[in-house]
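The values are calculated or read from the model by the stated rules, or taken from the named source; none is laboratory data. What you are looking at is a predicted structure, and each value in this text was computed from that prediction instead of being measured. Cβ placement follows ideal geometry from the backbone for every residue including glycine, while neighbour counts extend to all protein chains displayed. Accessible surface is based on the protein model in full, side chains and every heavy atom, while ligands, DNA and RNA are left aside. Shrake-Rupley method; radii C 1.70, N 1.55, O 1.52, S 1.80 Å.
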Amino acid sequence: MGIRDLPDGVDANVVFEELESFRTNDVRWRDGRVFTLAYSAGPDVLAVAEEAYRRYSGENGLNTAAFPSLRHMQNEVVDTVAGWLHGDDHTAGFMTSGGTESLVLVVRAAVKRAQREGRLTGTPNMVLPTSAHAALEKGADYFSVEARRVPVRGDWRADTDAMRAAVDDNTILIVGSAPQYPQGVVDDIAAIASIATDHNINCHVDACMGGVTLPYLEKLGLPFAPWDFRVEGVTSISVDLHKYGYASKGSGVLLHRNKTLRNDQVFMTDNWLGGMYGSSGILGTKSGGSIASSWAVLRYLGNDGYTRVARTARDIATTIATHIQGHPLLALRAYPDTTLLAFGAKDEKRHDVFALADALIARGWYMDRQGPPATVHLTVHAGHADTYRQFLLDLDECASVMDGTTGSAGTYATVD
Ligand SMILES: *Cc1c(COP(=O)(O)O)cnc(C)c1O
């Protein structure tokens, strides 16, 4: 029996028409109607990101000696992010494909350090609040690390006393988030890092969401307790540029306090017939597109641009948060520390907030539903500037559907 053949080729225009036709049922993120998964700082920024990606999509970040262009851009991107996070001459890191790769590498690096220092006496574990991102769970699964989840406090922030109590001799990593995804609050990083200092273990700050926004909000005068490399004991920080960096997908940065810790992330082998092989992350071949896209958007937006988009996103987020705080049927989970917020029904016995989510989705909006407890989650960005007022009108009009209707739970990510 032969292979199942492709049809013969067609004209490129036919291909592109078909590509566009597939979009019909996709969420409309370019129109500012989506509060998860995709980010936009306007069509001009998007055009820069996409054009830069296109120009370098075929270059391979696996070997930056062959592509000094990619090495140069990666170095500048890493250096820019290190500057935002109060890094110093020792701060070192690489670009990754995003938050998940960064967090999986964080778990791996912690295992490597513990092995290097020869101090494991049993199964390694990591201590983290229930709010820390699911990708850490993935890293724990990949590298057979026990994930010790510690319930958050009533204000959704990490319970640092309980975290300290959960640490033992086989703890290799402790984690805080700036901000955590589910309710959008920043953990007490200084308290978490001090636990790491006392036990001489790695402390990761997951700033995948806040790593771009927090430095600019701080510059705009918002008060935040130090959460970055200013805090002694923080050993690594992850920042996603394909979120609030407004770059194309496949772009994150993972920074370590020094090169020794960074080397725990790196993989090297010559144990095959192909010669010395080294790579900084999980991927082998990786597109130069995401590196170029990140570099280009950083260059295009610059200091003034990031200040503007951070302020825009923050203003929209606080406007929505204040609206929900004053809403008769809805309850804000926490006042947002940055640009993420979450809300449920005020009367959870009578009202299912997922019914409201369903009604809004039927009107062409899209957002995450999460829980427990049943919660609607909004990731607010600069691309909502022209749409958020209409969103609030629709929210008010739809809220009464919660009377007697139950909704569907949706998922944050899928496997099919
Ligand atoms: C998005 C996110 C991640 C995971 O990043 P991906 O880019 O989806 O792989 C990790 N942590 C936080 C806080 C996030 O918001």
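Here are the numbers:
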| item | result |
| --- | --- |
| Rounded percent of accessible protein surface that carbon and sulfur make up, segment 50-298, 1.4 Å probe | 51 percent |
| Cα-Cα over 22 Å, subset of Lys219/Lys259; Lys138/Lys346; Lys138/Lys243; Lys112/Lys243 | Lys219/Lys259; Lys138/Lys346; Lys112/Lys243 |
| Estimated inter-spin distance, Arg363 and Ala12, nm [label 7 Å along Cα→Cβ] | 4.3 nm |
| Per DSSP, loop trypsin sites (Lys or Arg not before Pro) in segment 56-139 with at most 15 further Cβ within 10 Å | Arg119 |
| Estimated distance in nm for a label pair at Ile3 and Thr322, the labels positioned 7 Å out from Cα along Cα-to-Cβ | 6.2 nm |
| Globularity ratio of segment 315-404, using Cα Rg and 2.2 N^0.38 Å | 0.98 |
| At R0 = 35 Å, FRET efficiency that the Cβ-Cβ distance of Arg230 and Gln390 yields, to 0.05 | 0.30 |
| Peptides ranked, highest mean first, by Cβ atoms within 10 Å: ranges 252-261, 142-151, 275-284, 229-238 | 229-238, 252-261, 142-151, 275-284 |
| Length released on extending from Arg28 to Ala66, taking residue separation times 0.36 nm less the Cα-Cα span | 9.8 nm |
| Rounded if a/c under 1.5, otherwise prolate or oblate - the chain, Cα gyration tensor axes | oblate |
| Average accessible area per residue (Å²) across the chain - probe 1.4 Å, nucleic acids and ligands excluded | 46 Å² |
| Solvent-accessible surface (1.4 angstrom probe) belonging to Asp169, in square angstrom, nearest 10 | 130 Å² |
| Rough spin-label spacing in nm, given labels placed 7 Å along Cα→Cβ, for Asn75 and Lys138 | 3.1 nm |
| Gain on full stretching of the segment that runs from Arg54 to Ser21 - 0.36 nm per residue minus C-alpha separation | 9.8 nm |
| For segment 338-416 versus segment 185-261, the gap between their alpha-carbon centres in whole angstrom | 28 Å |
| Calculated FRET efficiency for the pair Val266/Leu220, C-beta based, R₀ 45 Å, to 0.05 | 0.80 |
| Stokes-Einstein D (µm²/s) once Rh is taken as the Kirkwood radius of segment 191-236 over alpha-carbon pairs, at 37 °C in 0.692 mPa s | 289 µm²/s |
| Gained length - Asp315 relative to Tyr277, 0.36 nm times residue gap less alpha-carbon distance | 8.9 nm |
| Extent along principal axes [Cα atoms of segment 105-258; Å; largest to smallest] | 47, 34, 27 |
| From phi via Karplus (6.51, -1.76, 1.60), per-residue ³J(HN,Hα) for segment 311-320 in Hz, x at Gly/Pro | 5, 4, 4, 5, 4, 5, 4, 6, 5, 5 |
| Vicinal HN-Hα couplings computed from phi for segment 284-290 (Karplus, 6.51 cos²θ - 1.76 cosθ + 1.60; Hz; Gly/Pro x) | x, 3, 9, 4, x, x, 6 |
| Alpha-carbon centroids, segment 81-152 and segment 1-61: separation in whole Å | 32 Å |
